[in-house]
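Visitor: This is the structure I want to talk about, given as structure tokens.
Read-outs: derived from the displayed coordinates by stated rules, not from any lab. Computed from a predicted model, the values in this text were never measured in an experiment. Here the Cβ is made from the backbone with ideal geometry for all residues, glycine too, and neighbour counts use every protein chain on show.
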Amino acid sequence: MITDTDKGNIGVELKRIVGDEKVYENEPMRDHTTFKIGGEADFLVTPETIEQVTELLKFFKENETAFFFMGNGSNLLVSDDGFRGVAVKLLDDFAGVTFDGEDDKGMHFTAKAGTRMWRLGMFLLEHEATGFEFGTGIPGTVGGAVMMNAGAYGGEMKDVVESVLVADRDGNVKRLSNEEMDFSYRHSAVSDNGYIVLEAVLCLEKGDKQEIRAGIDALTEKRRTKQPLDMPSAGSTFKRPEGYYAAQLIDEAGFRGRTVGGAAVSEKHAGFVINKGGATAEDVVALTNEIKRVVMEQTGVELELEVRKIGF
Ligand SMILES: Cc1cc2nc3c(=O)[nH]c(=O)nc-3n(C[C@H](O)[C@H](O)[C@H](O)COP(=O)(O)OP(=O)(O)OC[C@H]3O[C@@H](n4cnc5c(N)ncnc54)[C@H](O)[C@@H]3O)c2cc1C
């Protein structure tokens, strides 16, 4: 429980660390998630440097302040009551990509955690680097994608990440190799250990610009025709259960188009829960719980949320 005095003190410290204009108090999280759902966070801060991030972590530890890190909020379901603590958002203020040279392993690039996947994809296209086409349409950041081992159309971050610079909860910075990242389906060592992704080094092959562009265009078109991109959502709601497709199980259980309050299973893609307007987090939870219950009853398959819940 944070008292008003605690809150005042936390605000002063946050402003000292990241600067007055980078601290937002009582910030509605619906403005920071692609689901357009979520109550207020006590604070939201947008640091610009690694030093600010490590100083924040040290402050959180010393003061036992609750916090979470986020990127573009494209895989988040934030509670209607919001979050009692500090949301640390690494997006455009913590972004940038550099080309670090080419050797016998391939072309090396460093991307800061807040870099949008689309922006990274366009940078790689300019440098004629191939292998990342799959990631270009994922509407998140490099940090969120590394943490989730995000993937699409046969590719995943595991295939392109050479190493990751992380901070631990004490604010110590270290570099993890691809192997140490322990990537598997929608999983990495980042979530297991509570690490913060600061930047990722990618290794890619030299390719042909026309072919790379054609690859990106084809996948963009696939997304546009298959996914409800015109409605707020957090992408695929559930992980793919081994041997099945979540969307197919949900469809076969009769949930396509089903609504609870403002939340609905998309008519276009049953794997997506969408916000039809005014959906609450409670609506989404009620709908997903019902889907899980019926799919389990009918098929014996346990669906697991891919979307990360915050503040519940
Ligand atoms: C329309 C749509 C399509 C999508 N398509 C795909 C797809 O094809 N494939 C796919 O894998 N996903 C997809 N997603 C889901 C989402 O885009 C990915 O999971 C993405 O990687 C999340 O990145 P983010 O920056 O938005 O992370 P957020 O949603 O902000 O955070 C997601 C998780 O990562 C953590 N996190 C974020 N940044 C950091 C950091 N720097 N360090 C440590 N932890 C961090 C958060 O705490 C949270 O647990 C889609 C989503 C939408 C809305």
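Visitor: Based on the mean of other beta carbon atoms within 10 Å per residue, what is the order of 148-161, 108-121, most packed first?
Guide: With the highest mean Cβ count within 10 Å placed first, the list reads 108-121, 148-161.
Visitor: Which of the lysines could be linked to LYS7 by a straight reach, that is with a Cα gap under 25 Å, when you skip same-chain ones fewer than 8 residues away?
Guide: The reachable lysines, counting only those whose Cα sits under 25 Å from LYS7, are LYS15, LYS22, LYS58, LYS61, LYS89, LYS309.
Visitor: A further question on this structure: Convert each backbone phi in region 150-161 into a coupling constant with the Karplus relation 6.51 cos²θ - 1.76 cosθ + 1.60 (shift: θ = phi - 60°), then list the ³J(HN,Hα) values in order as whole Hz, x for Gly and Pro.
Guide: Those phi angles translate into 4, x, 6, 6, x, x, 8, 4, 3, 6, 10, 8 Hz.
Visitor: Related question: Which value at 222 nm does the chain reach when only helices count, each DSSP H run of 4 or more adding -39,500 (n - 2.57), with the total divided by all residues and rounded to the nearest 500 deg cm²/dmol?
Guide: Values: 8 runs with 95 residues, N = 312.
One gets -9500 deg cm²/dmol as the mean residue ellipticity at 222 nm.
Visitor: So, one more: Looking only at the chain, where both bridge partners belong to it, what percent of the DSSP beta bridges are antiparallel (to the nearest 5)? Don't skip to the end; give the middle numbers.
Guide: Working: 42 of 53 bridges.
Percentage antiparallel, nearest 5: 80.
Visitor: Whose amide H sits under 5 Å from the amide H of GLU162, counting only residues 5 or more places off or on another chain, with H placed in the peptide plane?
Guide: Result for GLU162 returns VAL201, LEU202, CYS203.
Visitor: Counting DSSP beta bridges in region 4-90, what percent are antiparallel, to the nearest 5?
Guide: The antiparallel fraction comes to roughly 40 percent.
Visitor: Let me ask you something else. Tell me whether region 36-83 comes out rounded, prolate or oblate; compute the Cα gyration tensor, take square roots of the eigenvalues as a ≥ b ≥ c, and use a/c under 1.5 as the rounded threshold. List each step's numbers first, then the result.
Guide: Numbers: a/c = 2.82, a/b = 1.57, b/c = 1.80.
Verdict is oblate for region 36-83.
Visitor: Taking a ≥ b ≥ c as the square roots of the Cα gyration tensor eigenvalues, with a/c under 1.5 meaning rounded and otherwise prolate when a/b beats b/c, else oblate, which class fits the chain?
Guide: oblate
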